[in-house]
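Trainee: Have a look at the structure that comes next, please.
The numbers here are math on the coordinates, done by the rules we state, and not lab data. Because the structure is predicted, anything quoted here is derived from the model rather than measured. Here the Cβ positions follow ideal geometry from the backbone for every residue, glycine too, while neighbour counts run over all protein chains shown.
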Amino acid sequence: MDDERNMADRGPARTAPRDSLFLLTSFATPEGAPLGKARVRNLSATGLMADCERAVPAGARIEFDLRGVGKVSGVVAWSRGEKIGIAFDTPIDPQLARKPVSTSNQQGLPDYLRTYPSLRR
């Protein structure tokens, strides 16, 4: 019986493999009304699971910027308190979110992240 309840708590069946990760983003409605910040916990080509600052109801349309991917839109497929599952309108490449953020030069990087040429002579 507990197994049946645990299965019901998982939400709709997933169709794509997902990766665990930790990304921060801000959700908004398609009209631009803010829905708060969220921590993306897992990501696949067709959706994600996130912890939100506040509850977002199932069925809500949502937009956000995902690092390495860009603007993404979708619908909240399930909502349990401040945890939500989003089904994307169009599939993404989730590996793009895992690529390191780089700059053409190191001017914007803090000292501890900069690489310096060897000082050997």
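Trainee: What's the local net charge at LYS71, with K and R +1, D and E -1, over the other residues with C-beta under 15 Å away?
Mentor: Working: positive: ARG61, ARG67; negative: GLU31, GLU63, ASP65, ASP89, ASP93.
Once all neighbours under 15 Å are counted, the net charge is -3.
Trainee: Lys and Arg at +1, Asp and Glu at -1: add these up for the other residues within a Cβ distance under 14 Å of PRO57 and post the number. List each step's numbers first, then the result.
Mentor: Details: positive: ARG54, ARG61, ARG80, LYS83; negative: GLU82.
Residues near PRO57 contribute +3 overall.
Trainee: Once amide H atoms are built 1.01 Å from N in the peptide plane, which residues 5 or more positions from LEU66, or in another chain, come under 5 Å H to H?
Mentor: LYS71, VAL72
Trainee: Give me the distance in nm between label points sitting 7 Å out from Cα along the Cα-to-Cβ direction at SER73 and ALA33, one decimal.
Mentor: Each label point is offset 7 Å from its Cα along the Cβ direction, giving 1.7 nm.
Trainee: Could you give each residue of segment 40-50 its phi-based ³J(HN,Hα) in whole Hz, using Karplus coefficients 6.51, -1.76, 1.60 with θ = phi - 60°, and x for Gly or Pro?
Mentor: Each residue of segment 40-50 in turn: 6, 9, 8, 9, 9, 5, 10, x, 8, 10, 9 Hz.
Trainee: Something else now. Name the residues whose placed amide hydrogens come within less than 5 Å of the amide hydrogen of GLY47, ignoring near sequence neighbours (fewer than 5 apart) on the same chain.
Mentor: Result for GLY47 returns PHE88.
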